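Taking it in order: structure first as structure tokens, then the write-up.
The values are calculated or read from the model by the stated rules, or taken from the named source; none is laboratory data. Note that this is a predicted model, so its numbers are computed, not measured. Note: ideal-geometry Cβ built from the backbone for every residue, glycine included; neighbour counts use all protein chains shown.
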Amino acid sequence: MTSPARPGQGEAWTVDDLQDLPEDGQDYEIFDGSLLVSPHADVFHGAVANRLRRLLDRQAPPGLLVGQDIGVSAKRSSYFVPDLFVAREDALDQGGPALAPADVLLVVEVVSPGNAGRDLVLKRHEYGLAGIPRYWLVEPRKQTLTVLANAGGGYREAAVLSATDTLRTDQPFPLALPVGDIF
């Protein structure tokens, strides 16, 4: 018996198909019509993401929201759920299955050893093509934060910061972030 969420043989997965998948502790994303499945993040990964969210929340201006657990989709056949994002708050009022990249100012991925290629290569490429202005990669094992800036559909490395550094930036909003406080 096939899953009711599974598209017909030879058909691509879409964002709409995800709504019928079970709540089974797996994380589901779609790349170019193919379903990507990974285990839910571990406690340390979650702690890093939540510490960073708390630091960003404290400095976020009105009208911008720091969030988690909402997907970003540039097209129906690709859908990713970043560990964190900063978006225009009014975009969340519109509803729907995912945020549009035009409403997202920053995506953040906490790099997991078992999933590093997805964050470092695949998502970097896709988020860049979608036009998301900033992409941060947080690497807990190295205790680094890599800041990537979109330059015409692809990212260039703007900074690599260690736990002893403080990120000072105006993007996605003015902030001072002691990198060591993330870890």
So which residues in the range 126-181 are under 22 Å from ASN50 (Cβ atoms), among the acidic types (Asp, Glu) and assigned to a strand (DSSP E or B), if there are any at all?
GLU139
Give me the residue from the range 38-89 that is of a type in the set (S, T, N, Q) and closer than 22 Å to HIS125 by Cβ and, out of that set, modelled with the lowest pLDDT.
SER77
What is the residue count in the range 105-117 for residues that are under 11 Å from the mean Cα position of the chain (by Cα) and part of a loop (DSSP other than H, G, I, E, B)?
1
When you check VAL121 against the structure, is it out of contact with any helix residue (DSSP H, G or I) (no Cβ under 7 Å at 6 or more places or on another chain), within 27 Å of ASP42 (Cβ to Cβ), buried (at least 16 other Cβ atoms within 10 Å of the Cβ) and hydrophobic (A, V, I, L, M, F, W, C), yes or no?
no
Determine if the range 81-100 includes at least one residue that is among the basic types (Lys, Arg), farther than 22 Å from ARG58 by Cβ and in contact with a strand residue (DSSP E or B) (Cβ under 7 Å, 6 or more places away or on another chain).
no
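Which count do you get for residues in the range 90-99 that are assigned to a loop (DSSP other than H, G, I, E, B) and either modelled with pLDDT of 95 or more or not aliphatic (A, V, I, L, M) (or both)?
Residues that pass the stated criteria total 4.
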Any residue in the range 126-147 that is under 21 Å from SER38 (Cα atoms), hydrophobic (A, V, I, L, M, F, W, C), modelled with pLDDT under 95 and under 13 Å from the mean Cα position of the chain (by Cα)?
no
Scan the range 130-142 and give yes if some residue there is out of contact with any Ser or Thr (no Cβ under 9 Å at 6 or more places or on another chain), crowded, with 16+ Cβ neighbours inside 10 Å and aromatic (Phe, Trp, Tyr), otherwise no.
no
The residue that is nearest to ALA102 (Cα to Cα), considering only those in the range 160-172 that are touching a helix residue (DSSP H, G or I) at 6+ places or on another chain (Cβ under 7 Å) and of a type outside the set (Ser, Thr, Tyr), is LEU167
Looking at ALA47, ALA102, which one is closer than 16 Å to ILE132 by Cβ and part of a helix (DSSP H, G or I)?
ALA102
Within the set of pairs 6+ apart or on separate chains, which have a first residue in the range 140-163 that is more than 14 Å from ILE182 (Cα to Cα), a second that is of a type in the set (Val, Ile, Thr) and not in a strand (DSSP E or B), and C-beta atoms under 7 Å apart?
ASN150/ILE132
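Please work out if VAL86 is surrounded by 20 or more Cβ atoms within 10 Å (Cβ to Cβ), touching a residue at least 60 places away in the same chain (Cβ under 8 Å) and in a strand (DSSP E or B).
It is true that VAL86 is surrounded by 20 or more Cβ atoms within 10 Å (Cβ to Cβ), touching a residue at least 60 places away in the same chain (Cβ under 8 Å) and in a strand (DSSP E or B).
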